[in-house]
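**Q** Got a structure here, written out as structure tokens. Questions coming.
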Amino acid sequence: MSLLTGNSHSLSEEEIDEYADGTVKLRNPNIELMDQDILYHVALGSESHDLREMFGDVKFVCMGGTPKRMENFAHFIMDEIGYKLPAGTQLQDISEFSYRYSMYKVGPVLCVSHGMGTPSISILMHEVIKLMYHAKCIDPIFIRIGTCGGIGVDGGTVIITEDALDGHLRNSHEFTILGETVHRPAKLDKKLARELKSLASADDPYDTIIGKTLCTNDFYEGQGRLDGAFCEFTETDKMNYLEKLRDNGVVNIEMESTIFAALTHHAGIKAAVVCVVLLNRLNGDQVNAPKEVINEWQQRPQILVSRYIRKVLAQHGQLKSLFGHHGSIKSPRRFKLVQQESQAHD
């Protein structure tokens, strides 16, 4: 069956049985025929590194836009789950030699930056999904932690995405593959969304809600902003558009949710998106809250996600039995080649 039919490929009974052990599926027979699968943009390789030893225990993959945010989250989650590094060591950016993304491993939690927009996160996710495959991770859960603009929602509100919609309000992501248009469902795990929502506390000094998220390919014109380098619509046009979004149940706008949902769903991975609102777009276009306020707001999705991770680990009795360990290099020669390839900027 061709993948370029415009329809999502359905799993056969054999495929369902094959992955009943919880390992990640790639839907790509070419990978097993390769001498080595180089995960170019994160400076890892299937033969240069012992990926199963390094990442086989990963249960949660948490992604956010900037390297600094994910470094901060790595330190935060380390304290939250009681993870202890070996004496004399510190958290290391596993992908530091890629100069593109950052990656920190805190026991069963992998913290990765994905950049801004669908192209950047798409590249990262292809390689992280392959990483989960090579490491033989069992039932990993992917959670995007981000920021967004709200629609009728105040700054500081935490939003858990129920449905990810594209610019045409379709619950799918549009790909162009070999010159043909392919739509893949942008489905997130609604049970996971409800679990996350249940962990919001009445003592939190902010609201946590579930709603639909609009994903755009642009920060300015694509989101109806009046303050870009170009604008060929009026404020009335903008407000009519935002009101239309609100009438369709959209509560926030960001730039990664449809591709994140489409790729995780296609790989059979349970996933969620948790963002904090930086401004109510019905009141303006520019993010003008003080930096210290924004920094505090950005911690709110991290707190909610950490509660979920703690809950799952506690259910399995793992909160107090986590000790750091480092993966090994299988082939120093291949390791050096992968490192050199990832440092190439052309």
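**Q** For residues that are in contact (Cβ under 8 Å) with a residue 24 or more places away in the chain and out of contact with any helix residue (DSSP H, G or I) (no Cβ under 7 Å at 6 or more places or on another chain), scanning just the stretch 73-84, find the one that is nearest to E296 (Cα to Cα).
**A** For the stretch 73-84, the residue satisfying everything is A74.
**Q** Just checking, how many residues over the stretch 163-173 are surrounded by 19 or more Cβ atoms within 10 Å (Cβ to Cβ) and out of contact with any Pro (no Cβ under 7 Å at 6 or more places or on another chain)?
**A** Selection size over the stretch 163-173: 5.
**Q** In the stretch 239-253, how many are part of a helix (DSSP H, G or I) and under 29 Å from the mean Cα position of the chain (by Cα)?
**A** 7
**Q** Another question, then. Could you give me the residue pairs with C-beta distances under 9 Å whose first residue belongs to the stretch 194-215 and is within 21 Å of G249 (Cα to Cα) and of a type in the set (K, R), whose second residue is assigned to a loop (DSSP other than H, G, I, E, B) and modelled with pLDDT of 95 or more wherever it lies, and which are 6+ apart or on separate chains?
**A** From the stretch 194-215, the pairs are K212/L169; K212/N171; K212/N248; K212/G249.
**Q** Right, next: Quick check on my filter: what residues within the stretch 156-200 are touching a helix residue (DSSP H, G or I) at 6+ places or on another chain (Cβ under 6 Å), of a type in the set (G, A, S) and under 27 Å from E296 (Cα atoms)?
**A** Matches in the stretch 156-200: G156, A164.
**Q** Which residue pairs have Cβ atoms closer than 6 Å, lie 6 or more positions apart in sequence or on different chains, and pair a first residue in the stretch 157-184 that is over 18 Å from H265 (Cβ atoms) and at pLDDT 95 or above with a second residue that is surrounded by 14 or more Cβ atoms within 10 Å (Cβ to Cβ) and among the charged types (D, E, K, R)?
**A** Within 6 Å, the pairs are V158/R300.
**Q** Now for a separate question. Is it true that E221 is of a type outside the set (S, T, Y), at pLDDT 95 or above and in contact with a strand residue (DSSP E or B) (Cβ under 9 Å, 6 or more places away or on another chain)?
**A** It is false that E221 is of a type outside the set (S, T, Y), at pLDDT 95 or above and in contact with a strand residue (DSSP E or B) (Cβ under 9 Å, 6 or more places away or on another chain).
**Q** Among the listed residues A271, A289, identify the single one that is of a type in the set (A, V, I, L, M) and in contact with a Ser or Thr (Cβ under 8 Å, 6 or more places away or on another chain).
**A** Sole residue among the options that is of a type in the set (A, V, I, L, M) and in contact with a Ser or Thr (Cβ under 8 Å, 6 or more places away or on another chain): A271.
**Q** Has the stretch 226-233 got any residue that is surrounded by 15 or more Cβ atoms within 10 Å (Cβ to Cβ), in a helix (DSSP H, G or I) and in contact (Cβ under 8 Å) with a residue 24 or more places away in the chain?
**A** No, the stretch 226-233 has no match at all.
**Q** Continuing with the same structure: May I ask you to say which residue of K244, K238 is crowded, with 16+ Cβ neighbours inside 10 Å, at pLDDT 95 or above and farther than 30 Å from Y308 by Cβ?
**A** Step by step, each of K244, K238 is checked, and only K238 is crowded, with 16+ Cβ neighbours inside 10 Å, at pLDDT 95 or above and farther than 30 Å from Y308 by Cβ.
**Q** Which of the following residues is modelled with pLDDT under 95 and under 25 Å from M63 (Cβ atoms): G317, G327?
**A** Answer to the selection: G327.
**Q** Still on this structure, I have one more. Out of the stretch 29-60, which residues are in a loop (DSSP other than H, G, I, E, B) and either aromatic (F, W, Y) or surrounded by fewer than 15 Cβ atoms within 10 Å (Cβ to Cβ) (or both)?
**A** The answer is P29, N30, M34, D35, Q36.
**Q** While we're looking at this one, here's another question. List pairs: first in the stretch 127-156 and in a loop (DSSP other than H, G, I, E, B), second of a type in the set (S, T, Y), Cβ under 6 Å, 6+ apart or cross-chain?
**A** If the second residue must be of a type in the set (S, T, Y), the pairs left are K136/T23; G156/Y206.
**Q** As an exercise: evaluate M70 against (1) over 18 Å from the mean Cα position of the chain (by Cα); (2) within 22 Å of V273 (Cα to Cα) and give the number of the one condition it does not meet.
**A** Evaluating M70 over (1) over 18 Å from the mean Cα position of the chain (by Cα); (2) within 22 Å of V273 (Cα to Cα) leaves (1) as the failure.
**Q** Tell me, yes or no, whether the stretch 115-122 has at least one residue that is surrounded by fewer than 23 Cβ atoms within 10 Å (Cβ to Cβ), modelled with pLDDT of 95 or more and assigned to a strand (DSSP E or B).
**A** no
**Q** Moving on to the next point. Considering every residue within the stretch 161-169, establish whether at least one is in contact with a strand residue (DSSP E or B) (Cβ under 8 Å, 6 or more places away or on another chain) and over 24 Å from L279 (Cβ atoms).
**A** no
**Q** Condition first: aromatic (F, W, Y), in a loop (DSSP other than H, G, I, E, B) and over 21 Å from R307 (Cα atoms). Now tell me which residues in the stretch 62-105 satisfy that.
**A** Result: Y99, Y101.
**Q** Okay, next question. Within the stretch 273-299, track down each residue that is under 24 Å from R246 (Cβ atoms) and among the hydrophobic types (A, V, I, L, M, F, W, C).
**A** V273, V274, C275, V276, V277, L278, L279, L282, V287, A289, I294, W297
The values are calculated or read from the model by the stated rules, or taken from the named source; none is laboratory data. In this text, all values refer to a predicted model and were calculated from it rather than measured experimentally. Cβ coordinates were reconstructed from backbone atoms using ideal geometry, including for glycine residues, and neighbour counts include every protein chain displayed.
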